[in-house]
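The structure appears below as structure tokens.
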Amino acid sequence: MTITKERKLLGASLGLSILLGASSVEAGSWQQNVAIGGFNRVHIYTPDSVSPIGNGKSLLVVLHGCTQSIDAYLTANLEDAAEEYGMVVAVPDAVYKAGFSCWSYWEGIRSRTAGDYANLINLANTMTGDAGRNIDPDQVYIAGLSSGAAFANTTACIAPDIFAGMGISAGPSIGTSSNGAIGSCEIADVTSRCNSYAGSYSSHFDTQIASIAHGTNDTTVDDCYNRQNAEGMAGVYGVNELSGTNTYTDDARTAAETLWEDARVSMLWLNGVDHAWSGGQGASGSYVNGNGINYGRYLGQYFAENNQRVDRNSGPEITSLSATEASGLLTITGNALDAEGSVASVDIAVSNIDSGTPDLVETLNTLASPADGYFNATSSPLADGLYQIEVTATDNEGAQGDTASVTSRVGPEPPATAPELSDIAATVSGQCATVTGSVVDANQNLQDVAVAFASGTVSADIDGSRFSAEGCDLPGGENNVVITASDTTDLSGQSSVRFDIDAGQTGDYNFHINEGHITWGEGYSACYLAFGTAPFTMRETAAGEQCRWVADGDSSCAGPLQACSSGGSDGGDSGGGDGNQTPVDSDNDGVADTADNCPSVANAGQQDSDGDGIGDACDSTPGGEQACTEYTASNYSHVTAGRATTSFGYTYALGSGDNLGLYNTFVTTTLAETGPDYYEQGNCP
């Protein structure tokens with residue numbers, strides 16, 4: 001058996017961390033270093049999509065391994081899994097570390113109120129309790145690598161009511177010692193230990209699932225734990241192993257999959273992966289491997305297909321719907337079938353749509369009969385006109401299916417008439433716009449609705465009397481779009497809609513610094529890592545009552561929170577104001593820049609020789625005479641202290657972007673802090 005999933009190509013977020021409040025949810029981007037749920041630093045990715053099951057999005061909490069920064073997961077292709085499966089990803093930095101910055105799975109009290117176990121439960125509850133995040137509490141999962149895997153397994157055993165599933169990658173068995181992680185395999189009764197950790201919450205194991213994975217090239221943690229953990233969780237759930245092995249394929253990368261009954265437990269061998277998180281093609285970073293499958297995507301699929309807590313009753317499906325007219329009456333027939341049970345009722349709404357807006361005439365109710373789901377109903381006498389018939393069915397558990405619709409005419413055919421357009425509207429997102437509206441053709445011979453954007457004409461999608469079309473790469477400023485509805489006799493009707501497009505501002509990082517979009521302290525490093533010296537486009541986006549500038553294509557390249565420029569966040573010209581905008585006070589001294597002799601250098605266009613944010617004309621000690629502080633430490637320590645960032649396994653000094661070499665605890669470098677949040681490799685002058 002081969003399971004193949006098409007890979008969605010999405011840009012990975014890199015670089016400088018941005019401090020955001022927990023209440024600020026930015027879909028389609030990473031929020032970095034969020035303080036939430038008892039953790040000081042959590043990277044959170046929120047997708048635009050929702051889960052294919054349940055209500056809202058799912059949540060996957062991913063725990064790092066020893067010596068591994070949470071920044072490594074910014075380049076682990078977790079965005080792909082998040083978008084494809086509507087899964088929020090949260091990567092917390094352990095608070096109570098042990099050993100080499102490990103999750104302390106081998107020591108301390110294992111309870112719901114102790115240390116990072118309590119923090120993880122609090123994190124999950126805080127995020128699911130925030131309505132703005134739209135997370136389904138029945139779809140909360142936890143995963144991890146190495147020490148993070150063992151800690152995730154322990155947490156899922158402690159709180160099976162919170163976590164519906166787990167993803168354990170290269171993890172020592174729960175309750176083993178720290179020596180067992182890098183030495184010979186320790187035998188552990190996973191089933192007994194997990195049950196004891198759960199205590200009175202053990203009944204929730206009835207609906208929990210587990211994925212256990214290990215790299216075939218792992219020479220750090222003994223691979224004996226893969227089967228020991230899988231069999232241990234199968235014992236907790238009371239399921240038997242199935243015969244045979246499946247092959248999971250992702251971008252020509254494979255994993256061997258063994259399943260237990262009802263897919264409650266999955267054991268994976270990640271081909272070509274060493275002791276690392278398997279991130280799939282293009283993944284990189286400290287203890288992140290690109291040779292194997294995207295394990296995050298596998299988890300998204302595994303959880304969505306096998307979650308035991310989500311009600312999967314989808315409601316009946318309507319097929320073969322038709323409406324025929326005779327003597328002023330409409331006879332409506334079709335089939336309503338329910339995959340999980342039986343059809344309880346069929347509701348039919350008959351509306352007159354000659355006016356352009358459907359007017360409900362009557363609702364008919366009928367039971368699906370006979371057992372094959374066939375239904376029929378006849379309307380009361382109807383006046384001449386064009387009617388829309390919408391049918392929905394409800395099953396024996398009260399679930400309603402999708403609505404099906406057809407149109408039918410009562411009375412003689414009217415004279416040839418052009419289609420009529422109404423209710424035209426446009427919504428703008430970046431340099432794209434979606435035009436929607438209603439179209440009615442009295443002769444029922446509508447052929448096409450064409451929407452002429454500045455970037456080209458698009459044939460609209462039509463659903464009943466509604467249409468929708470999207471145009472992208474639109475020019476900045478006012479756009480006028482013409483909509484043409486044509487029928488098969490070459491008659492046509494037209495309408496138009498106007499809207500404004502924010503084209504953003506384009507230039508290299510120096511341009512964006514001079515414009516105040518980013519600063520040396522916030523934005524520069526991430527933007528330089530993402531785009532180098534090449535030009536890139538930034539747009540002003542709303543963030544609560546303030547705004548920030550965010551780059552197209554890489555949301556980690558973003559500037560600080562600041563006052564919004566007039567029209568910048570609502571699709572207007574983000575390049576300037578209209579004379580009524582809020583005065584800019586770039587150095588926060590209470591004096592507007594227009595009346596300030598020494599505003600922030602980024603907005604004043606002044607030279608700043610020492611990088612302290614004060615222009616040389618106003619700086620009593622320009623040109624490097626300010627105090628300088630040296631730090632000599634490992635690259636890992638520089639990153640955790642906020643003096644450097646990491647990307648693709650290398651370390652870069654904050655501010656200067658100097659390449660410090662490999663990101664680990666064994667490479668030691670000296671950094672000179674020559675300005676606020678500005679570090680250069682080497683000693684102070």
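Data for the structure
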{"item": "Hz values of 3J(HN,Hα) by residue in region 36-41 - Karplus curve (6.51, -1.76, 1.60), Gly and Pro given as x", "result": "7, x, x, 9, 7, 9"}
{"item": "Net charge dipole size for the chain [Lys, Arg +1 and Asp, Glu -1 on Cβ; Debye, nearest 20]", "result": "2200 debye"}
{"item": "Distance (nanometres) between label positions extended 7 Å along Cα→Cβ at ASN396 and GLN447", "result": "5.0 nm"}
{"item": "Karplus-derived 3J(HN,Hα), 6.51/-1.76/1.60, for each residue of region 111-118, Hz, glycine and proline x", "result": "8, 5, 10, 10, x, 6, 4, 5"}
{"item": "Over region 465-551, relative contact order from alpha-carbon pairs under 8 Å, at least 6 apart, %", "result": "22 percent"}
{"item": "Most positive-pole-ward Cα, TYR631, SER192, PHE303, against dipole of the chain from beta carbon charges", "result": "SER192"}
{"item": "Student exercise, region 31-94 dipole from Lys, Arg, Asp, Glu Cβ charges, in Debye to nearest 20", "result": "260 debye"}
{"item": "VAL361 long-range amide H proximity, modeled H, under 5 Å", "result": "VAL350, SER351, ASN352"}
{"item": "Accessible surface ranking that places the most exposed of ARG133, ARG253 first, with a 1.4 angstrom probe", "result": "ARG253, ARG133"}
{"item": "Nonlocal amide H pairs with GLY504, under 5 Å, H built at 1.01 Å", "result": "SER574"}
{"item": "Computed over region 474-548, Kirkwood Rh from alpha-carbon pairs, angstrom", "result": "15.6 Å"}
{"item": "Whole-percent carbon and sulfur share, accessible surface of region 279-410, 1.4 Å", "result": "44 percent"}
{"item": "Spatial extent of the chain: Rg and Dmax, with the Cα atoms as the point set, Å", "result": "29.9, 97"}
{"item": "Dipole axis of the chain (+1 Lys, Arg; -1 Asp, Glu on Cβ), positive-most option in GLY280, ASN664, ALA383", "result": "ASN664"}
{"item": "Where ARG466, ARG112 fall by accessible area, highest first, once all protein chains stay in place (1.4 Å)", "result": "ARG466, ARG112"}
{"item": "Total charge dipole magnitude, region 386-456, about the Cα centre, Cβ charges on Lys, Arg, Asp, Glu only, Debye to nearest 20", "result": "240 debye"}
{"item": "Percent of beta bridges antiparallel (DSSP, region 179-318, rounded to nearest 5)", "result": "60 percent"}
{"item": "In nm, spacing of pseudo-spin labels at THR333 and THR191 (7 Å Cα→C-beta vector)", "result": "5.8 nm"}
{"item": "Ordering of 30-36, 420-426 by packing [mean C-beta count within 10 Å, highest first]", "result": "30-36, 420-426"}
{"item": "Difference of contour (0.36 nm per residue) and Cα-Cα distance, CYS472 to ASN313", "result": "53.5 nm"}
{"item": "Exposure rank, largest accessible area first [LYS97, LYS57; 1.4 Å]", "result": "LYS97, LYS57"}
{"item": "Cut-off under 5 Å, modelled amide H: who pairs with LEU321 long-range", "result": "ASN335"}
{"item": "At R0 = 51 Å, FRET efficiency that the Cβ-Cβ distance of LEU360 and ALA98 yields, to 0.05", "result": "0.20"}
{"item": "Ellipticity estimate at 222 nm from DSSP helix runs (n ≥ 4, -39,500 (n - 2.57)) divided over the chain, nearest 500", "result": "-4000 deg cm²/dmol"}
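The values are calculated or read from the model by the stated rules, or taken from the named source; none is laboratory data. Bear in mind the structure is a predicted one, so any value in this text is a computation, not a measurement. We place every Cβ from the backbone using ideal geometry, glycine too, and count neighbours over all the protein chains shown. With ligands, DNA and RNA removed, areas are computed over all heavy atoms of the protein, side chains included. Shrake-Rupley method; radii C 1.70, N 1.55, O 1.52, S 1.80 Å.
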